[in-house]
Amino acid sequence: MQMDMDHDDMMMHGGHMMHMGNLKQKFWVSLVLTIPVLLMSSMMGMNQPLIDFKGSDWLVAILGTAIFFYGGKPFFSGAKGELQDKQPAMMTLITMGITVAYVYSIYSVIANNVFNVSPHVMDFFWELATLVDIMLLGHWIEMNAVMNAGSALNELAELLPNQAHLLDKQGNVKDVDLQDVTEGDSLLVRGGEKIPADGTVTDGGSAVNESMVTGESRLVQKKTDSKVFGGSVNGDGTIQLKVTGTGENGFLAQVSKMVESAQNEKSGRENLADRVASWLFYIALTIAVVSLVVWWVTSGLTTALPRAVTVLIIACPHALGLAIPLVVARSTSLGAKQGLLLRDRNAMEQVTELKYALMDKTGTLTEGNFKVTDYGSLVSDKKDHAVLKTMATLEAGSSHPLAVGITKKADEEKIAYQNASSQQIKGVGLKGKISGNEYLIVSPNYVTQNKLEVDQKRFEQLVDSGNSLSFLVEKKRVLGFVAQGDQIKPAAKQLLDTLKDQGITPVMLTGDNQPAAKVVADKLGLTDFQAELLPADKEKVVQQYQKQGKVMMIGDGVNDAPSLARADIGVAIGSGTDVAIESADLVLVKSDPHDIIKFLELARKTTHKMTQNLWWGAGYNIIALPLAAGVLAPIGFVLSPMAGAVLMSLSTIIVAINALTLKI
């Protein structure tokens, strides 16, 4: 089962939906109806119900009919989907059990009360009601355990603004709904606004935050003829652009299609419980048919029919229905206490076969935000701290990511600011005055274009290491610089070493350039990495590795969403974007890479408990089915319905206790 588009829905095996609210309501209504059924009907072979009066059989039949059609509806829908896919599993097994129980029970009421047949025909309303209740409860428990509101596709849509500034041929600006924007339109994007559509810059310049595209925190300089993507965030400058893609052709729309396609393909993944239920379906059906034929030939239809029906009723997976949900509920609770939010329990079952751990660089292995990595003076008459002090004074109060990084560093160094006045300059950076002296804070592009003197080789190395540079300029003289880049998370190296020890190969994927990626890879001791990847590229890389084994993908950005959805196990960093989180199977709340090791431990223990419970649940059927069919009849032993009911209850209790013993 897998969460899908609506937080009230759960995707069943084969891609068929079950609604959370309806399931909860159906359980409580069915449970209320079950109470009088239990009091007025006989449990498998018991001769006398607790309450018996004239007409009670008909009342039980009415209540049983309501439970069958109302409570059983989700299973009928699920069974229909499984049979359409030619993959009968849990839903089909449940449907077979409750249908046989209902039809035979109605027959028994009519035979006993209308035709007064002898001997008395046993009904199975007790088994019908309890099976429907237990199955509804099991699915409700599991859905509640993995429930997490939201949708990756909805989150993607919210990255775009609702309106855009449309420019007409006369240069007039008009605000229009985004849905009214078409290819070829001219748009105005002011500083700090989200870019509403894919396009090409026709006028102006700015630094754009494209982390949603590349995953990198570095700002990208845009000028005339540069391409921009809808959903990215404009910097301080104002730009005009010509729309090249919107609606189904836009970048976010393409990402959305990739996410939806990957989620739909994963939703059909068969889990362990489904496989066991599928085997039981065929086994029970075969034993029932063989039993019917043998007993019909040897003892007649009146003996054969109840015997075959008993086989199919005993096959009802009471214990099997709770075996997995109880473990999932326990595992999810334990994980939440460790900062692990499980959104798809199928991910647990993939861990034992996991071969590759693909991970995004920025935000996963690194901190994912700007921090000052180096700063200094480039002239003899100004000290390093004086450069930082001047730049922090000018940037104080600005919310620009680079400005925040500079002021944070100054605060760490306990540098006091001076009085200053400053303003943003379109396409340049910032201009300000301190004690009558005028300064500029500019980008490397400004330094190059104005042919200001700097040591190019020194700063090329800083840029190649993944840093963004800002220069302090006074009267065309470069006084100093600040370099800002990403820092490797303290737990990243330990995570990679532990993965290797467990036989899992770590691979780094990034939208950053090759030199910057290599610097991080070398520091972490990684030999496998790929750089300059767009979302579609990352998803293709995941698919390539999946040909060699199970793949876990770890990321935090919009650009990671398709690959998170595509991977066998998608892990989202909690501090990342909502889109990434909603595309993943697991969310690391603390954003600590080492929590992945906790997840792997929890997943292995959870899968072990699931396997144990499935053996307890299925083991009951393996023993009870042949005995109920009469395989030992030649030596005088046939499993009575009463004994079968006791075994069924015992196995249910055992799986519940076993689930509660799960620990981490």
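Its alpha carbons give segment 354-434 an Rg and a Dmax of 16.6, 59 Å. Set against the 2.2 N^0.38 Å expectation for a compact globular protein, segment 530-599 has a Cα radius of gyration ratio of 1.03. By the rule of a C-alpha distance below 16 Å, with chain neighbours fewer than 8 residues away ignored, the aspartates and glutamates paired with Lys383 are Asp374, Glu413, Glu474. Label point of Leu452 set 7 angstrom out along Cα-Cβ; within segment 369-401, amide nitrogens under 18 Å from it belong to 374-396.
Applying the criteria of a DSSP loop state and at most 14 other Cβ atoms within 10 Å to the trypsin sites (Lys or Arg not before Pro) of segment 418-467 yields Lys426, Lys451.
Model label points for Lys80 and Ile35, set 7 angstrom from Cα along the Cα-to-Cβ axis, are 3.2 nm apart. One decimal place: the segment Ala336-Arg275 gains 19.2 nm when fully extended, by the rule 0.36 nm per residue minus the C-alpha distance. Here the extension length gained between Lys475 and Gln514 equals 10.4 nm, from 0.36 nm per residue of separation less the Cα-Cα distance. Remark: for residue pairs Lys242/Lys590; Lys500/Lys538; Lys371/Lys547; Lys523/Lys550, the C-alpha separation exceeds 31 Å in Lys242/Lys590; Lys371/Lys547.
Shape analysis of segment 484-550 places it in the oblate category; the axes a ≥ b ≥ c from the Cα gyration tensor give an a/c of at least 1.5, with a/b not above b/c. Ranking Lys174, Lys355 by solvent-accessible area of protein heavy atoms (1.4 Å probe, all protein chains present), from largest to smallest, gives Lys174, Lys355. Remark on Asp185: its backbone amide H falls under 5 Å from those of Val243, a criterion applied only to residues 5 or more positions apart or on other chains, H modelled at 1.01 Å from N. Modelled this way, with points 7 Å down the Cα-to-C-beta line, the labels at Thr527 and Lys408 are 3.5 nm from one another. The modelled label-to-label distance for the pair Val297/Gln494, using points 7 Å beyond Cα in the direction of Cβ, is 6.9 nm. With a ≥ b ≥ c the root eigenvalues of the C-alpha gyration tensor of segment 281-326, is it rounded (a/c under 1.5), prolate (a/b larger than b/c) or oblate? Prolate, since a/c reaches 1.5 and a/b exceeds b/c.
Applying the criteria of a DSSP loop state and at most 11 other Cβ atoms within 10 Å to the GluC sites (Glu not before Pro) of segment 422-473 yields Glu453. Principal axis extents of the C-alpha atoms in segment 59-130 (largest first, rounded to whole Å): 43, 20, 17.
The share of alpha-carbon pairs in segment 294-380 lying farther apart than 16 Å comes to 78%.
If you wrap the Cα atoms of segment 72-114 in a convex hull and average its projected area over all directions, you get 3.1 nm².
The values are calculated or read from the model by the stated rules, or taken from the named source; none is laboratory data. Predicted model, so just to flag it, every value in this text is computed and none were measured. Note that we place each Cβ from the backbone using ideal geometry, even for glycine, and neighbour counts take in every protein chain shown. Ligands, DNA and RNA are excluded from the accessible area calculation, which covers all protein heavy atoms including side chains. Shrake-Rupley method; radii C 1.70, N 1.55, O 1.52, S 1.80 Å.
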